[in-house]
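A short worksheet on the structure shown next.
The values are calculated or read from the model by the stated rules, or taken from the named source; none is laboratory data. All values derive from a computational prediction rather than experimental measurement. Here the Cβ positions follow ideal geometry from the backbone for every residue, glycine too, while neighbour counts run over all protein chains shown. The accessibility values were calculated without ligands, DNA or RNA, using every heavy atom of the protein model including side chains. Shrake-Rupley method; radii C 1.70, N 1.55, O 1.52, S 1.80 Å.
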Amino acid sequence: MGILYGMVARGHVVLAEFSAVPTNARDIARQVLGRAQQGIEDSNTSYSHDRYIFHVKKTDGLTVLCMADDAFGRRIPFAFLEDIHQKFVKTYGRAILSAPSYAMNDEFSRILSQEMDRYSNDANADRLNRLKGEMSQVRSVMIDNIEKVLEKGDRLALLVEKTTTLQGNTVRFKRQSRRFKNTLWWRNVKLTFALVFVLLIIIYVVLTFFCRGPLLPSCA
């Protein structure tokens, strides 16, 4: 049979509801709503009553409730509740916080009716929600991967900066080495010329001493 009743409430204030069959679901739903308000702030719970299960989703002060056949399971009803919660918040926004009882019932009861019928009879409805969940997981993984890539990019940029600095230091070292080599070469050249000059003077003095003359031709 699927989902037979749906309700949206803020605390104990019912904002919208719809029943697909003439039952006492409204009365029982209010009892379930009272019990649900005593629990933790955000939760997903289920309560059994005869052949039916009341599924309750509490999120951010908003309670979404539905009654479904006990053979319908939990996954599809809670997917329905999640969808209704998102549609209700998107449609009414901050007006939910101060709206009086049944303020949204004229408009949103039609949405409850449509979605109850869709989730009860359209097999693709649950498939779409599973696909949305898978896409959300894929998006989370992609965001994590992008963050990791950006983190690696920062590390790579730091490595490139260090490599550039190292290359600059290497170029300066080569220039300084080249200048030092040139300085040493000129110093060696000057020293060589000086040694040759001194050696020539010594040879001249020695030859002059042995020849006893001021000039080399007198040795002939």
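Quick one: in region 103-122, of everything that is in contact with an Asp or Glu (Cβ under 8 Å, 6 or more places away or on another chain) and among the hydroxyl-bearing types (Ser, Thr, Tyr), which residue is surrounded by the most Cβ atoms within 10 Å (Cβ to Cβ)?
Residue satisfying both the conditions and the ranking: Tyr119.
Which of the numbered conditions does Asp126 fail, given that it passes all the others? Conditions: (1) in a helix (DSSP H, G or I); (2) at pLDDT 90 or above; (3) of a type in the set (D, E, K, R).
In the conditions (1) in a helix (DSSP H, G or I); (2) at pLDDT 90 or above; (3) of a type in the set (D, E, K, R), Asp126 misses (2) alone.
Out of the residues in region 43-80 that are of a type in the set (Phe, Trp, Tyr) and either free of Cβ contacts under 8 Å to residues at least 60 places away in the same chain or over 23 Å from Asp117 (Cβ atoms) (or both), state the one that is least open to solvent (accessible area, probe 1.4 Å).
Filtering region 43-80 down to residues of a type in the set (Phe, Trp, Tyr) leaves 47, 52, 54, 72, 78, 80.
Okay, now just the ones that are also either free of Cβ contacts under 8 Å to residues at least 60 places away in the same chain or over 23 Å from Asp117 (Cβ atoms) (or both), so 47, 52, 54, 78.
Working: Tyr47: 46, Tyr52: 39, Phe54: 2, Phe78: 31 Å².
Filtering first and then ranking leaves Phe54.
Within region 68-103, work out how many residues are among the aliphatic types (A, V, I, L, M) and closer than 16 Å to Asn44 by Cβ.
Residues flagged as among the aliphatic types (A, V, I, L, M) and closer than 16 Å to Asn44 by Cβ within region 68-103 amount to 5.
Are any residues in region 72-118 assigned to a helix (DSSP H, G or I) and charged (D, E, K, R), and if so, which ones?
The answer is Arg75, Glu82, Asp83, Lys87, Lys90, Arg94, Asp106, Glu107, Arg110, Glu115, Asp117, Arg118.
Do we have any residue at all in region 32-44 that's more than 13 Å from Gly6 (Cα to Cα) and in contact with a helix residue (DSSP H, G or I) (Cβ under 7 Å, 6 or more places away or on another chain)?
Within region 32-44, one or more residues are more than 13 Å from Gly6 (Cα to Cα) and in contact with a helix residue (DSSP H, G or I) (Cβ under 7 Å, 6 or more places away or on another chain).
Test Asp83 against the criterion of being in contact (Cβ under 8 Å) with a residue 40 or more places away in the chain and either open to solvent by 70 Å² or more (accessible area, probe 1.4 Å) or under 28 Å from the mean Cα position of the chain (by Cα) (or both), and give yes or no.
yes
So, of the residues in region 1-41 that are open to solvent by less than 90 Å² (accessible area, probe 1.4 Å), hydrophobic (A, V, I, L, M, F, W, C) and part of a loop (DSSP other than H, G, I, E, B), which turns out to be nearest to Phe88 (Cα to Cα)?
The selected residue is Ala20.
Evaluate region 84-95: report whether one residue or more is out of contact with any Ser or Thr (no Cβ under 6 Å at 6 or more places or on another chain), of a type in the set (Lys, Arg) and farther than 16 Å from Arg118 by Cβ.
The answer is yes, given that some residue of region 84-95 is out of contact with any Ser or Thr (no Cβ under 6 Å at 6 or more places or on another chain), of a type in the set (Lys, Arg) and farther than 16 Å from Arg118 by Cβ.
Residue-by-condition table, conditions (1) at pLDDT below 95; (2) under 17 Å from Ala36 (Cβ atoms); (3) among the small types (Gly, Ala, Ser):
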residue: Asp60; (1), (2), (3): yes, yes, no
residue: Ala68; (1), (2), (3): yes, yes, yes
residue: Phe72; (1), (2), (3): yes, no, no
residue: Ile76; (1), (2), (3): yes, no, no
